[in-house]
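Take a look at the structure set out below.
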Amino acid sequence: MKIFRFKGGFHPAGHKELSAGRMVKDLPLLPRYTVMLRQNVGAPPQVCVKKGDHVEKGSCIATAAGILSVPLHSPVSGTVGDMVTVPGPNGTAVEALEIFSAPAEEQKWDGTLAPIDEWRDTSAAILKKRILDAGITGMGGAAFPTHVKLSPPPEKVLDTLILNGAECEPFLTSDDTLMRLHARAVLTGGAIAAKILGITEIIVGIEENKNEAVSAMEQAAWGIPGVNIAVVPLPVKYPQGGEKQLIYALTGRKVVLGTLPMDVGCAVLNVGSCYAIWDAVLNGHPLVERITTVTGTPVVSPGNYRIPIGASLSAVLENAGGIRERSNVGKIIFGGPMMGFAQYSLEVPVSKNTSGILLLERTEAAQFTGGPCLCCGKCVEHCPMQLPVSTLSKACENERYDLAQKNHVLACLECGVCSSVCPARRPNVQHFRKAKTELKEIQWKEKNKKI
Ligand code: SF4
Ligand code: SF4
């Protein structure tokens, strides 16, 4: 299969060996979980239980509140506590529901969602409803509801489903682990998604540094009837797993500014979402736990952990053996070092899109100085979206968001490449995140003024 090379990008050190190639470890039952209400891009779901109610693992605790909303479920059997405020992964305080665990011997799944064994003979509408009822969202980035991704408007003709197993972020190995250990489940989830979309072509993109995952997925692909599955090893280059870059690499189709993957006939699902689809359809399990990479040189037992949604960062670190003696932790990040978010509290809970928890020594953590631009052009050369990065950076620094918009700041992937290659250590991506938030705010105000 021909592979297309996208422009820009770079080759950061992988550091995957810290956590790769091992079995998944389970986090022991914790006494308390705080389940954040907003775990999807749309409106947060509405709580449908009250303090003192008994719930089982997988019981619905909040129902979807709009098209882009998905329900939330209890990560354990136990008792509903208070609505509390917790630090969210993006630094702002957010609402969360407390669940106090029942003893280990009383833990059991809520059986409301019955397994659908004969999914091939089940209608696309019923399968899609199952994905919504199970609260499945994208499990790496913006937590976009998966049932919406699988609902393109009728005028859009899709012919290819791409499964994203690139995992190009340094340090992270949770997708690699899923593909190595659960290849058949991941591909079955992909086949269910393809059935919903009414297509038969599936391409799995995996960076070629994941040999075992590639082999496991190739072998499992033989056992999935009704779809044509191509497993494609891709060159190791960041951001190979960016949606636009992945579609181009695998099909040669360009998702240009202002368009979506469906405009070029593609849908893209993360392999974690495919595994969650399999679990929801074949086992009747809502999305209440996920495999997360816990890594970094300060961590005593780095690896991949099965973590219930709502477990606190402090509990996860404690169960990963804690922090090495004499470590001087400079940064804790949710996600990877390129696109993740720095954390300032150990009480932030794990959510559906927590792909990794990364600890960096003070000497490893990038320090941005905000010094003057040297006009070296490196950021422009490496930007995978070919944006005029230095011009944009200066516009944002001067709060000229009108200029930033003219220079397409909204097309920025926030991939972090331009900050990593900058010799002046300018916080380019931080500027662009702020500009995008400001522009959205301005647009929202203008829209509401007209109403
Ligand atoms: S963060 Fe944005 S501007 Fe910087 S390299 Fe990535 S896409 Fe380009
Ligand atoms: S890499 Fe940094 S110093 Fe060089 S042009 Fe871009 S912003 Fe300026």
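A short reminder: the numbers here are calculations on the coordinates, not readings from a lab. Keep in mind that what you see is a predicted model, and the values were worked out from it rather than measured. All Cβ positions, even for glycine, are placed from backbone atoms using ideal geometry, and neighbour counts span all protein chains on display.
Below is a table of values for the structure above.
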read-out	value
Length released on extending from residue 67 to residue 13, taking residue separation times 0.36 nm less the Cα-Cα span	15.5 nm
Sequence-distant residues sharing a close amide H with residue 70 (under 5 Å, placed H)	65
Reach of residue 51 by Cα under 18 Å, taken over aspartates and glutamates that are not fewer than 8 positions away in the same chain	82, 95, 98
Extension gain, residue 346 back to residue 400 (0.36 nm per residue minus Cα-Cα distance, nm)	15.9 nm
Label point at residue 84 placed 7 Å out along Cα→Cβ; residues across region 311-352 whose backbone nitrogen lies under 19 Å	311-319, 344-352
Share antiparallel - DSSP beta bridges, the chain, percent rounded to 5	60
Stretch gain in nm, segment residue 92-residue 327, where the contour uses 0.36 nm per residue and the Cα spacing is subtracted	81.9 nm
Euclidean distance of C-alpha centroids, region 50-103 and region 9-25, integer Å	32
Cα-projected label distance for residue 106 with residue 218, points at 7 Å along beta-carbon direction, nm	5.1
Shape call, the chain: gyration tensor on alpha carbons, a/c limit 1.5	rounded
Residue exposure sequence - 147, 382 - by fewest surrounding Cβ within 10 Å	382, 147
Cα shape, region 321-374, gyration tensor, a/c 1.5 rule	oblate
Inter-site label distance for residue 414 and residue 117 at 7 Å from Cα along Cβ, in nm	4.4
